[in-house]
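Asker: Following this message is one structure expressed as C-alpha coordinates.
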Amino acid sequence: MAPAHVLRAIRRPSVLLGTPVVVLALAAMLVPLGYVVSELISAGWSSAYALIVRPRVGDLLLNTVGLVVVTVPICVALGVGLAWLVERTNVPGAPIWGPLFAAPLAVPAFVNSYAWVTVVPGLKGLTAGVLVSTLSYFPLVYLPAAATIRRLDPAIEESARALGSRPFGVFVRIVLPQLRLAILGGGLLIGLHLLAEYGAFAMLRFDTFTTAIFEQYQSTFNGAAGSMLASVLVLCCLLLLIAEASGRGRARYFRIGSGAPRPAVRIRLRYSLVPVVLGFGAVVVLSLGVPLWTIVRWLRIGGSSVWDLDAIGTALGQTLAFACAGALLTTALAFPVAWLAVRTNSIVGRVIEGSNYVTSSLPGIVTALALVTVTIKWFPAVYQTVLVVVVAYVLMFMPRALVSLRSGLAQVPIGLEESSRSLGRSNAATFVRVTLRLTAPAAAAGAALVFVGVATELTATLLLAPTGTTTLAMGFWSASSGLDFAAAAPYALIMVVLTMPVTYLLFTQATRATGATSSKELVRAV
(Lines give C-alpha, C1' and ligand atoms only; values in the text may rest on other atoms or scores of the structure.)
Protein backbone atom coordinates (compact mmCIF):
# COMPACT_ATOMS: atom_id res chain seq x y z
CA MET A 1 0.00 0.00 0.00
CA ALA A 2 1.26 3.47 -0.90
CA PRO A 3 2.37 5.75 1.96
CA ALA A 4 -0.09 8.37 3.17
CA HIS A 5 1.97 11.27 1.86
CA VAL A 6 1.99 9.69 -1.61
CA LEU A 7 -1.79 9.34 -1.57
CA ARG A 8 -2.13 12.96 -0.51
CA ALA A 9 0.15 13.97 -3.37
CA ILE A 10 -2.01 12.04 -5.78
CA ARG A 11 -5.38 13.25 -4.55
CA ARG A 12 -4.65 16.92 -3.89
CA PRO A 13 -3.58 18.74 -7.05
CA SER A 14 -2.17 22.21 -6.68
CA VAL A 15 -4.51 25.16 -7.08
CA LEU A 16 -2.22 26.58 -9.77
CA LEU A 17 -2.81 23.44 -11.87
CA GLY A 18 -6.43 22.73 -10.99
CA THR A 19 -7.97 26.18 -11.42
CA PRO A 20 -6.97 26.89 -15.05
CA VAL A 21 -7.78 23.31 -16.03
CA VAL A 22 -11.27 23.56 -14.55
CA VAL A 23 -11.85 26.91 -16.27
CA LEU A 24 -10.64 25.62 -19.64
CA ALA A 25 -12.65 22.41 -19.35
CA LEU A 26 -15.85 24.25 -18.45
CA ALA A 27 -15.33 26.70 -21.30
CA ALA A 28 -14.73 23.83 -23.72
CA MET A 29 -17.87 22.09 -22.57
CA LEU A 30 -20.15 25.11 -22.28
CA VAL A 31 -19.49 26.75 -25.65
CA PRO A 32 -20.94 24.00 -27.90
CA LEU A 33 -23.38 22.62 -25.33
CA GLY A 34 -24.45 26.11 -24.34
CA TYR A 35 -25.24 26.80 -27.97
CA VAL A 36 -27.42 23.67 -28.20
CA VAL A 37 -29.20 24.49 -24.92
CA SER A 38 -29.81 28.10 -25.91
CA GLU A 39 -31.36 26.95 -29.16
CA LEU A 40 -33.57 24.54 -27.24
CA ILE A 41 -34.76 27.31 -24.92
CA SER A 42 -35.34 29.79 -27.70
CA ALA A 43 -37.42 27.24 -29.60
CA GLY A 44 -39.67 26.64 -26.59
CA TRP A 45 -40.25 23.33 -24.83
CA SER A 46 -43.38 22.45 -26.81
CA SER A 47 -41.63 23.06 -30.12
CA ALA A 48 -38.54 21.21 -28.92
CA TYR A 49 -40.61 18.20 -27.89
CA ALA A 50 -42.42 18.18 -31.24
CA LEU A 51 -39.10 18.29 -33.10
CA ILE A 52 -37.53 15.48 -31.03
CA VAL A 53 -40.42 12.97 -31.20
CA ARG A 54 -40.72 13.12 -34.99
CA PRO A 55 -40.59 9.77 -36.84
CA ARG A 56 -37.53 11.11 -38.66
CA VAL A 57 -35.62 11.31 -35.36
CA GLY A 58 -36.52 7.70 -34.59
CA ASP A 59 -35.12 6.58 -37.95
CA LEU A 60 -31.91 8.55 -37.38
CA LEU A 61 -31.58 7.12 -33.87
CA LEU A 62 -31.98 3.59 -35.19
CA ASN A 63 -29.36 4.18 -37.88
CA THR A 64 -26.85 5.84 -35.55
CA VAL A 65 -27.21 3.37 -32.68
CA GLY A 66 -27.16 0.43 -35.08
CA LEU A 67 -23.97 1.76 -36.65
CA VAL A 68 -22.21 2.04 -33.27
CA VAL A 69 -23.53 -1.25 -31.88
CA VAL A 70 -22.41 -3.21 -34.95
CA THR A 71 -19.18 -1.41 -35.87
CA VAL A 72 -17.47 -1.07 -32.47
CA PRO A 73 -17.53 -4.82 -31.60
CA ILE A 74 -16.30 -5.70 -35.10
CA CYS A 75 -13.43 -3.20 -34.80
CA VAL A 76 -12.55 -4.52 -31.33
CA ALA A 77 -12.57 -8.15 -32.47
CA LEU A 78 -10.54 -7.35 -35.58
CA GLY A 79 -8.04 -5.07 -33.82
CA VAL A 80 -7.44 -7.37 -30.85
CA GLY A 81 -7.29 -10.49 -33.01
CA LEU A 82 -4.75 -8.97 -35.40
CA ALA A 83 -2.67 -7.63 -32.50
CA TRP A 84 -2.50 -11.03 -30.78
CA LEU A 85 -1.63 -12.88 -33.99
CA VAL A 86 1.14 -10.40 -34.86
CA GLU A 87 2.65 -10.25 -31.36
CA ARG A 88 2.24 -13.82 -30.13
CA THR A 89 2.33 -16.20 -33.12
CA ASN A 90 4.90 -17.27 -35.70
CA VAL A 91 3.12 -15.53 -38.58
CA PRO A 92 5.84 -14.53 -41.09
CA GLY A 93 6.62 -10.85 -41.58
CA ALA A 94 5.37 -9.66 -38.18
CA PRO A 95 7.47 -6.43 -38.27
CA ILE A 96 5.83 -5.56 -41.59
CA TRP A 97 2.25 -6.44 -40.69
CA GLY A 98 2.26 -4.06 -37.70
CA PRO A 99 2.82 -0.84 -39.68
CA LEU A 100 0.45 -2.05 -42.40
CA PHE A 101 -2.36 -2.49 -39.87
CA ALA A 102 -1.72 1.01 -38.48
CA ALA A 103 -1.59 2.60 -41.95
CA PRO A 104 -5.38 2.83 -42.55
CA LEU A 105 -5.42 5.73 -40.07
CA ALA A 106 -3.76 7.72 -42.86
CA VAL A 107 -6.78 7.21 -45.15
CA PRO A 108 -9.64 9.54 -44.13
CA ALA A 109 -13.01 7.84 -43.84
CA PHE A 110 -14.50 10.07 -46.55
CA VAL A 111 -11.68 9.04 -48.90
CA ASN A 112 -12.47 5.41 -48.11
CA SER A 113 -16.12 6.06 -49.01
CA TYR A 114 -15.00 7.79 -52.23
CA ALA A 115 -13.01 4.67 -53.11
CA TRP A 116 -15.71 2.14 -52.29
CA VAL A 117 -18.43 4.12 -54.07
CA THR A 118 -16.20 4.07 -57.14
CA VAL A 119 -15.64 0.31 -56.90
CA VAL A 120 -19.25 -0.54 -55.95
CA PRO A 121 -21.48 2.32 -57.22
CA GLY A 122 -24.60 0.92 -55.55
CA LEU A 123 -23.03 0.68 -52.12
CA LYS A 124 -25.14 2.46 -49.50
CA GLY A 125 -26.94 2.05 -46.17
CA LEU A 126 -25.94 0.46 -42.88
CA THR A 127 -23.87 -2.32 -44.44
CA ALA A 128 -21.83 0.22 -46.37
CA GLY A 129 -21.39 2.38 -43.27
CA VAL A 130 -20.18 -0.56 -41.18
CA LEU A 131 -17.78 -1.69 -43.92
CA VAL A 132 -16.14 1.71 -44.43
CA SER A 133 -16.08 2.54 -40.72
CA THR A 134 -14.47 -0.77 -39.78
CA LEU A 135 -11.76 -0.45 -42.43
CA SER A 136 -11.07 3.16 -41.35
CA TYR A 137 -11.13 2.84 -37.55
CA PHE A 138 -9.99 -0.65 -36.49
CA PRO A 139 -6.37 0.64 -36.04
CA LEU A 140 -7.64 2.69 -33.06
CA VAL A 141 -8.01 -0.64 -31.25
CA TYR A 142 -5.12 -2.45 -32.92
CA LEU A 143 -2.44 0.04 -31.86
CA PRO A 144 -3.10 0.09 -28.08
CA ALA A 145 -3.85 -3.66 -28.06
CA ALA A 146 -0.56 -4.51 -29.80
CA ALA A 147 1.37 -2.19 -27.48
CA THR A 148 -0.21 -3.76 -24.40
CA ILE A 149 0.40 -7.34 -25.55
CA ARG A 150 4.02 -6.47 -26.33
CA ARG A 151 4.47 -5.26 -22.74
CA LEU A 152 2.84 -8.23 -20.99
CA ASP A 153 5.07 -10.60 -19.04
CA PRO A 154 5.14 -13.81 -21.15
CA ALA A 155 5.86 -15.91 -18.04
CA ILE A 156 2.19 -15.76 -17.04
CA GLU A 157 1.03 -17.10 -20.38
CA GLU A 158 3.73 -19.78 -20.40
CA SER A 159 2.69 -20.91 -16.94
CA ALA A 160 -0.91 -21.25 -18.08
CA ARG A 161 0.15 -23.33 -21.09
CA ALA A 162 2.34 -25.48 -18.85
CA LEU A 163 -0.75 -26.21 -16.74
CA GLY A 164 -2.55 -27.56 -19.80
CA SER A 165 -4.36 -24.52 -21.21
CA ARG A 166 -4.54 -24.32 -24.99
CA PRO A 167 -3.51 -21.09 -26.79
CA PHE A 168 -7.09 -19.88 -27.21
CA GLY A 169 -7.80 -20.51 -23.53
CA VAL A 170 -4.67 -18.60 -22.53
CA PHE A 171 -5.76 -15.70 -24.71
CA VAL A 172 -9.27 -15.58 -23.23
CA ARG A 173 -8.33 -16.06 -19.56
CA ILE A 174 -4.91 -14.36 -19.36
CA VAL A 175 -4.39 -11.89 -22.22
CA LEU A 176 -7.87 -10.54 -22.87
CA PRO A 177 -8.56 -9.27 -19.32
CA GLN A 178 -5.33 -7.26 -19.47
CA LEU A 179 -6.44 -5.58 -22.69
CA ARG A 180 -9.38 -3.86 -21.02
CA LEU A 181 -7.82 -0.40 -21.20
CA ALA A 182 -6.94 -0.78 -24.86
CA ILE A 183 -10.38 -2.14 -25.77
CA LEU A 184 -12.36 0.46 -23.83
CA GLY A 185 -10.21 3.41 -24.91
CA GLY A 186 -10.13 2.38 -28.55
CA GLY A 187 -13.82 1.49 -28.57
CA LEU A 188 -14.70 4.87 -27.09
CA LEU A 189 -12.70 6.73 -29.74
CA ILE A 190 -14.35 4.70 -32.50
CA GLY A 191 -17.80 5.38 -31.07
CA LEU A 192 -17.11 9.11 -30.95
CA HIS A 193 -15.85 9.07 -34.53
CA LEU A 194 -19.01 7.31 -35.66
CA LEU A 195 -21.22 9.86 -33.90
CA ALA A 196 -19.44 12.84 -35.47
CA GLU A 197 -18.53 11.56 -38.97
CA TYR A 198 -20.21 13.35 -41.87
CA GLY A 199 -18.36 13.03 -45.18
CA ALA A 200 -18.10 9.25 -45.28
CA PHE A 201 -21.78 8.63 -44.60
CA ALA A 202 -22.95 11.43 -46.90
CA MET A 203 -21.17 9.74 -49.80
CA LEU A 204 -22.71 6.38 -48.84
CA ARG A 205 -26.21 7.93 -48.61
CA PHE A 206 -26.54 6.63 -45.06
CA ASP A 207 -28.44 9.02 -42.80
CA THR A 208 -27.16 9.55 -39.26
CA PHE A 209 -27.71 12.40 -36.82
CA THR A 210 -24.61 14.17 -38.10
CA THR A 211 -25.56 14.03 -41.78
CA ALA A 212 -29.09 15.15 -40.91
CA ILE A 213 -27.79 18.10 -38.84
CA PHE A 214 -25.49 19.19 -41.65
CA GLU A 215 -28.27 18.95 -44.23
CA GLN A 216 -30.63 20.84 -41.92
CA TYR A 217 -28.25 23.77 -41.55
CA GLN A 218 -27.14 23.65 -45.17
CA SER A 219 -30.64 23.69 -46.67
CA THR A 220 -32.67 25.87 -44.29
CA PHE A 221 -30.23 27.06 -41.59
CA ASN A 222 -32.88 25.83 -39.14
CA GLY A 223 -30.98 26.12 -35.87
CA ALA A 224 -33.79 24.77 -33.71
CA ALA A 225 -34.33 21.56 -35.68
CA GLY A 226 -30.59 20.94 -35.97
CA SER A 227 -30.05 21.60 -32.28
CA MET A 228 -32.79 19.12 -31.35
CA LEU A 229 -30.91 16.47 -33.29
CA ALA A 230 -27.64 17.56 -31.65
CA SER A 231 -29.20 17.17 -28.19
CA VAL A 232 -30.03 13.52 -28.94
CA LEU A 233 -26.50 13.05 -30.23
CA VAL A 234 -25.10 14.40 -26.95
CA LEU A 235 -27.24 11.88 -25.07
CA CYS A 236 -25.77 9.07 -27.17
CA CYS A 237 -22.28 10.30 -26.29
CA LEU A 238 -23.10 10.37 -22.57
CA LEU A 239 -24.26 6.76 -22.77
CA LEU A 240 -20.96 5.81 -24.41
CA LEU A 241 -19.00 7.62 -21.70
CA ILE A 242 -20.97 5.94 -18.93
CA ALA A 243 -20.43 2.52 -20.49
CA GLU A 244 -16.68 3.16 -20.85
CA ALA A 245 -16.34 4.47 -17.29
CA SER A 246 -18.29 1.50 -15.91
CA GLY A 247 -16.02 -0.87 -17.78
CA ARG A 248 -12.87 0.83 -16.50
CA GLY A 249 -14.03 0.99 -12.89
CA ARG A 250 -11.24 1.72 -10.41
CA ALA A 251 -9.01 -1.21 -11.32
CA ARG A 252 -5.23 -0.96 -11.14
CA TYR A 253 -2.59 -3.19 -12.70
CA PHE A 254 0.75 -3.56 -10.97
CA ARG A 255 4.00 -5.21 -11.88
CA ILE A 256 6.28 -5.41 -8.86
CA GLY A 257 9.97 -5.51 -9.60
CA SER A 258 11.85 -5.24 -12.87
CA GLY A 259 11.50 -8.90 -13.77
CA ALA A 260 13.48 -10.42 -16.61
CA PRO A 261 12.42 -8.73 -19.84
CA ARG A 262 12.47 -11.11 -22.80
CA PRO A 263 10.44 -11.76 -25.92
CA ALA A 264 7.57 -14.20 -25.67
CA VAL A 265 7.90 -17.66 -27.19
CA ARG A 266 5.72 -17.44 -30.27
CA ILE A 267 2.92 -19.93 -30.78
CA ARG A 268 3.21 -22.13 -33.88
CA LEU A 269 0.12 -21.82 -36.04
CA ARG A 270 0.83 -24.93 -38.15
CA TYR A 271 -2.24 -25.72 -40.30
CA SER A 272 -3.86 -22.34 -39.64
CA LEU A 273 -0.81 -20.39 -40.84
CA VAL A 274 -1.97 -20.10 -44.45
CA PRO A 275 -5.52 -18.93 -43.59
CA VAL A 276 -4.07 -16.35 -41.17
CA VAL A 277 -1.69 -14.94 -43.80
CA LEU A 278 -4.52 -14.82 -46.35
CA GLY A 279 -6.70 -13.04 -43.80
CA PHE A 280 -3.94 -10.52 -43.12
CA GLY A 281 -3.62 -9.89 -46.84
CA ALA A 282 -7.38 -9.42 -47.20
CA VAL A 283 -7.44 -6.80 -44.43
CA VAL A 284 -4.58 -4.86 -46.04
CA VAL A 285 -6.14 -5.04 -49.51
CA LEU A 286 -9.58 -3.90 -48.30
CA SER A 287 -8.33 -1.12 -46.01
CA LEU A 288 -5.37 0.16 -48.06
CA GLY A 289 -5.42 -1.46 -51.49
CA VAL A 290 -8.91 -0.35 -52.50
CA PRO A 291 -8.49 3.37 -51.70
CA LEU A 292 -4.97 3.58 -53.12
CA TRP A 293 -5.96 1.73 -56.30
CA THR A 294 -8.99 4.00 -56.74
CA ILE A 295 -6.91 7.15 -56.31
CA VAL A 296 -4.32 5.94 -58.84
CA ARG A 297 -7.10 4.96 -61.25
CA TRP A 298 -8.70 8.40 -61.15
CA LEU A 299 -5.31 10.08 -61.50
CA ARG A 300 -4.67 8.03 -64.63
CA ILE A 301 -8.10 8.90 -66.03
CA GLY A 302 -7.70 12.62 -65.28
CA GLY A 303 -4.16 12.90 -66.59
CA SER A 304 -2.02 15.97 -66.06
CA SER A 305 -4.99 18.33 -66.28
CA VAL A 306 -6.11 17.50 -62.71
CA TRP A 307 -2.82 18.70 -61.22
CA ASP A 308 -3.42 22.39 -60.54
CA LEU A 309 -0.11 22.96 -58.78
CA ASP A 310 -0.91 26.47 -57.52
CA ALA A 311 -4.18 25.43 -55.90
CA ILE A 312 -2.78 22.16 -54.55
CA GLY A 313 0.34 23.87 -53.19
CA THR A 314 -1.74 26.48 -51.37
CA ALA A 315 -4.01 23.79 -49.90
CA LEU A 316 -1.01 21.75 -48.76
CA GLY A 317 0.68 24.70 -47.04
CA GLN A 318 -2.46 25.75 -45.20
CA THR A 319 -3.20 22.16 -44.15
CA LEU A 320 0.29 21.75 -42.68
CA ALA A 321 0.01 25.03 -40.79
CA PHE A 322 -3.38 24.11 -39.30
CA ALA A 323 -2.30 20.55 -38.46
CA CYS A 324 0.92 21.57 -36.68
CA ALA A 325 -0.74 24.36 -34.70
CA GLY A 326 -3.68 22.14 -33.74
CA ALA A 327 -1.48 19.22 -32.69
CA LEU A 328 0.84 21.31 -30.50
CA LEU A 329 -1.88 23.36 -28.78
CA THR A 330 -4.20 20.39 -28.22
CA THR A 331 -1.47 18.23 -26.69
CA ALA A 332 -0.30 21.06 -24.43
CA LEU A 333 -3.83 21.70 -23.15
CA ALA A 334 -4.58 17.99 -22.78
CA PHE A 335 -1.65 17.38 -20.44
CA PRO A 336 -3.09 19.07 -17.31
CA VAL A 337 -6.51 17.52 -17.98
CA ALA A 338 -4.94 14.05 -18.21
CA TRP A 339 -2.90 14.78 -15.07
CA LEU A 340 -6.00 15.57 -13.05
CA ALA A 341 -7.87 12.55 -14.44
CA VAL A 342 -5.06 10.11 -13.55
CA ARG A 343 -3.41 11.57 -10.46
CA THR A 344 -6.26 13.10 -8.47
CA ASN A 345 -8.37 9.92 -8.42
CA SER A 346 -11.42 12.14 -7.97
CA ILE A 347 -14.84 12.64 -9.51
CA VAL A 348 -13.84 16.16 -10.54
CA GLY A 349 -10.96 14.82 -12.61
CA ARG A 350 -13.20 12.34 -14.39
CA VAL A 351 -15.90 14.95 -15.01
CA ILE A 352 -13.37 17.35 -16.50
CA GLU A 353 -12.00 14.60 -18.74
CA GLY A 354 -15.48 13.45 -19.71
CA SER A 355 -16.58 16.97 -20.65
CA ASN A 356 -14.01 16.98 -23.42
CA TYR A 357 -15.35 13.71 -24.81
CA VAL A 358 -18.89 15.09 -24.78
CA THR A 359 -17.77 18.19 -26.68
CA SER A 360 -15.82 16.20 -29.26
CA SER A 361 -18.81 13.94 -29.93
CA LEU A 362 -20.74 16.86 -31.39
CA PRO A 363 -20.51 17.08 -35.17
CA GLY A 364 -18.00 19.61 -36.40
CA ILE A 365 -20.69 21.86 -37.82
CA VAL A 366 -22.39 22.24 -34.40
CA THR A 367 -19.08 23.13 -32.72
CA ALA A 368 -18.35 25.53 -35.56
CA LEU A 369 -21.74 27.23 -35.36
CA ALA A 370 -21.35 27.57 -31.59
CA LEU A 371 -18.02 29.32 -32.09
CA VAL A 372 -19.55 31.54 -34.77
CA THR A 373 -22.32 32.58 -32.37
CA VAL A 374 -19.90 33.26 -29.50
CA THR A 375 -17.41 35.23 -31.59
CA ILE A 376 -20.07 37.37 -33.29
CA LYS A 377 -21.74 38.27 -29.99
CA TRP A 378 -18.75 38.68 -27.66
CA PHE A 379 -15.49 38.56 -29.65
CA PRO A 380 -16.19 40.06 -33.08
CA ALA A 381 -12.52 40.90 -33.58
CA VAL A 382 -11.62 37.20 -33.90
CA TYR A 383 -14.64 36.16 -35.97
CA GLN A 384 -13.61 34.09 -39.03
CA THR A 385 -9.93 34.10 -38.10
CA VAL A 386 -7.35 31.34 -37.89
CA LEU A 387 -7.56 31.45 -34.08
CA VAL A 388 -11.20 30.33 -34.10
CA VAL A 389 -10.40 27.47 -36.49
CA VAL A 390 -7.61 26.21 -34.21
CA VAL A 391 -9.88 26.48 -31.15
CA ALA A 392 -12.43 24.31 -32.96
CA TYR A 393 -9.72 21.71 -33.60
CA VAL A 394 -8.80 21.69 -29.91
CA LEU A 395 -12.42 21.09 -28.91
CA MET A 396 -12.90 18.35 -31.50
CA PHE A 397 -9.65 16.39 -31.13
CA MET A 398 -8.82 16.71 -27.43
CA PRO A 399 -9.77 13.03 -26.75
CA ARG A 400 -7.09 11.83 -29.18
CA ALA A 401 -4.41 13.45 -27.06
CA LEU A 402 -6.13 12.60 -23.77
CA VAL A 403 -6.26 8.85 -24.39
CA SER A 404 -2.53 8.68 -25.12
CA LEU A 405 -1.49 11.04 -22.31
CA ARG A 406 -3.71 9.32 -19.75
CA SER A 407 -2.09 5.99 -20.54
CA GLY A 408 1.42 7.49 -20.49
CA LEU A 409 0.92 9.25 -17.15
CA ALA A 410 -0.56 6.11 -15.62
CA GLN A 411 2.67 4.26 -16.43
CA VAL A 412 4.96 6.80 -14.71
CA PRO A 413 5.84 5.32 -11.29
CA ILE A 414 4.83 7.78 -8.59
CA GLY A 415 7.77 6.58 -6.54
CA LEU A 416 10.22 8.09 -9.04
CA GLU A 417 8.62 11.51 -8.65
CA GLU A 418 8.66 11.18 -4.86
CA SER A 419 12.32 10.13 -4.94
CA SER A 420 13.20 13.13 -7.11
CA ARG A 421 11.52 15.54 -4.70
CA SER A 422 13.10 13.84 -1.68
CA LEU A 423 16.52 14.49 -3.27
CA GLY A 424 15.82 18.23 -3.28
CA ARG A 425 14.41 18.69 -6.76
CA SER A 426 11.62 21.22 -7.09
CA ASN A 427 8.21 20.26 -8.42
CA ALA A 428 9.03 21.95 -11.73
CA ALA A 429 12.38 20.16 -12.06
CA THR A 430 10.76 16.84 -11.17
CA PHE A 431 8.10 17.40 -13.79
CA VAL A 432 10.65 18.16 -16.52
CA ARG A 433 13.24 15.50 -15.59
CA VAL A 434 10.92 12.64 -14.66
CA THR A 435 7.27 13.04 -15.60
CA LEU A 436 7.62 14.87 -18.90
CA ARG A 437 10.52 12.69 -20.01
CA LEU A 438 8.67 9.43 -19.36
CA THR A 439 5.43 10.66 -20.94
CA ALA A 440 7.11 12.14 -24.03
CA PRO A 441 6.39 9.06 -26.22
CA ALA A 442 2.72 9.13 -25.21
CA ALA A 443 2.57 12.88 -25.88
CA ALA A 444 4.13 12.37 -29.31
CA ALA A 445 1.60 9.63 -30.09
CA GLY A 446 -1.28 11.89 -29.03
CA ALA A 447 0.07 14.80 -31.07
CA ALA A 448 0.41 12.51 -34.10
CA LEU A 449 -3.21 11.43 -33.77
CA VAL A 450 -4.34 15.06 -33.54
CA PHE A 451 -2.19 15.99 -36.55
CA VAL A 452 -3.86 13.29 -38.64
CA GLY A 453 -7.31 14.41 -37.48
CA VAL A 454 -6.73 18.09 -38.25
CA ALA A 455 -5.10 17.38 -41.62
CA THR A 456 -8.22 15.52 -42.74
CA GLU A 457 -10.96 17.55 -40.95
CA LEU A 458 -13.73 18.83 -43.18
CA THR A 459 -17.00 20.16 -41.77
CA ALA A 460 -15.82 22.68 -39.16
CA THR A 461 -13.13 23.98 -41.51
CA LEU A 462 -15.71 24.58 -44.23
CA LEU A 463 -17.71 26.86 -41.94
CA LEU A 464 -14.99 28.58 -39.90
CA ALA A 465 -12.09 29.02 -42.30
CA PRO A 466 -11.30 32.64 -43.26
CA THR A 467 -12.10 33.72 -46.80
CA GLY A 468 -9.49 32.38 -49.20
CA THR A 469 -8.59 29.38 -47.05
CA THR A 470 -8.44 26.04 -48.83
CA THR A 471 -7.21 22.89 -47.11
CA LEU A 472 -6.67 19.53 -48.78
CA ALA A 473 -9.93 18.18 -47.34
CA MET A 474 -11.84 21.23 -48.60
CA GLY A 475 -10.35 20.86 -52.06
CA PHE A 476 -11.19 17.15 -52.14
CA TRP A 477 -14.77 17.72 -50.98
CA SER A 478 -15.38 20.54 -53.45
CA ALA A 479 -14.38 18.32 -56.37
CA SER A 480 -15.94 15.04 -55.19
CA SER A 481 -19.27 16.62 -54.21
CA GLY A 482 -19.48 17.86 -57.80
CA LEU A 483 -18.82 14.27 -58.95
CA ASP A 484 -15.48 15.29 -60.44
CA PHE A 485 -13.69 12.29 -58.91
CA ALA A 486 -10.62 12.76 -61.09
CA ALA A 487 -10.06 16.32 -59.84
CA ALA A 488 -10.50 15.08 -56.25
CA ALA A 489 -7.83 12.37 -56.62
CA PRO A 490 -4.72 14.62 -56.22
CA TYR A 491 -6.06 16.02 -52.94
CA ALA A 492 -6.84 12.51 -51.70
CA LEU A 493 -3.38 11.25 -52.63
CA ILE A 494 -1.60 14.13 -50.90
CA MET A 495 -3.70 13.69 -47.74
CA VAL A 496 -2.70 10.02 -47.60
CA VAL A 497 0.97 10.73 -48.35
CA LEU A 498 1.02 13.55 -45.78
CA THR A 499 -0.48 11.53 -42.95
CA MET A 500 1.20 8.18 -43.68
CA PRO A 501 4.60 9.12 -42.11
CA VAL A 502 2.81 10.51 -39.04
CA THR A 503 0.85 7.27 -38.74
CA TYR A 504 4.11 5.31 -38.89
CA LEU A 505 5.56 7.61 -36.22
CA LEU A 506 2.52 6.82 -34.11
CA PHE A 507 3.22 3.11 -34.50
CA THR A 508 6.92 3.42 -33.63
CA GLN A 509 6.22 5.66 -30.64
CA ALA A 510 3.76 3.11 -29.28
CA THR A 511 6.50 0.49 -29.58
CA ARG A 512 9.08 2.69 -27.84
CA ALA A 513 6.66 3.59 -25.07
CA THR A 514 6.31 -0.03 -24.06
CA GLY A 515 9.90 -0.96 -24.62
CA ALA A 516 11.24 2.00 -22.66
CA THR A 517 9.52 0.96 -19.46
CA SER A 518 9.59 -2.81 -19.77
CA SER A 519 12.42 -3.17 -17.23
CA LYS A 520 10.89 -0.84 -14.64
CA GLU A 521 7.95 -0.85 -12.31
CA LEU A 522 4.79 -0.31 -14.33
CA VAL A 523 1.75 1.25 -12.74
CA ARG A 524 -1.41 1.14 -14.80
CA ALA A 525 -4.06 3.38 -13.19
CA VAL A 526 -7.51 3.74 -14.64
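The values are calculated or read from the model by the stated rules, or taken from the named source; none is laboratory data. Keep in mind that this is a model prediction, so the values were computed, not measured. Note that each Cβ is placed from the backbone with ideal geometry, even for glycine, and that neighbours are counted across all protein chains shown. Just so you know, the surface numbers come from the protein's heavy atoms only, side chains and all, with ligands and any DNA or RNA stripped out. Shrake-Rupley method; radii C 1.70, N 1.55, O 1.52, S 1.80 Å.
Asker: Let me confirm something: among Leu179, Leu126, which residue is at pLDDT 85 or above, more than 30 Å from Ile494 (Cβ to Cβ) and over 16 Å from the mean Cα position of the chain (by Cα)? Spell out how you get there, then give the answer.
Answerer: On the way: Leu179 fails: at pLDDT 85 or above.
On inspection, the qualifying residue turns out to be Leu126.
Asker: Let me ask something else about it. Take the residues in the stretch 88-116 that are open to solvent by 20 Å² or more (accessible area, probe 1.4 Å) and in contact with a Phe, Trp or Tyr (Cβ under 9 Å, 6 or more places away or on another chain), then tell me which one is farthest from Phe206 (Cα to Cα). Let's see the steps before the verdict.
Answerer: As a first pass, look at the stretch 88-116 and keep what is open to solvent by 20 Å² or more (accessible area, probe 1.4 Å): 90, 92-93, 95-97, 99-100, 105, 116.
Still in the running and in contact with a Phe, Trp or Tyr (Cβ under 9 Å, 6 or more places away or on another chain): 93, 97, 99-100, 105.
Working: Gly93: 38, Trp97: 32, Pro99: 31, Leu100: 28, Leu105: 22 Å.
Looking at residues that are open to solvent by 20 Å² or more (accessible area, probe 1.4 Å) and in contact with a Phe, Trp or Tyr (Cβ under 9 Å, 6 or more places away or on another chain), I get Gly93.
Asker: Specify which of the listed residues (Leu16, Leu61) is outside any loop (DSSP other than H, G, I, E, B), under 21 Å from Gly364 (Cα atoms) and either open to solvent by 50 Å² or more (accessible area, probe 1.4 Å) or at pLDDT 75 or above (or both). Spell out how you get there, then give the answer.
Answerer: On the way: Leu16 fails: under 21 Å from Gly364 (Cα atoms).
Checking each option against the conditions leaves just Leu61.
Asker: So, of the residues in the stretch 269-284 that are loosely packed, with under 12 Cβ neighbours inside 10 Å and among the aliphatic types (A, V, I, L, M), which turns out to be nearest to Gly129 (Cα to Cα)?
Answerer: Initially, the stretch 269-284 is screened for residues loosely packed, with under 12 Cβ neighbours inside 10 Å, giving 270-271, 274-275, 278, 282.
Then drop every residue that is not among the aliphatic types (A, V, I, L, M), which leaves 274, 278, 282.
Numbers: Val274: 30, Leu278: 24, Ala282: 19 Å.
Residue satisfying both the conditions and the ranking: Ala282.
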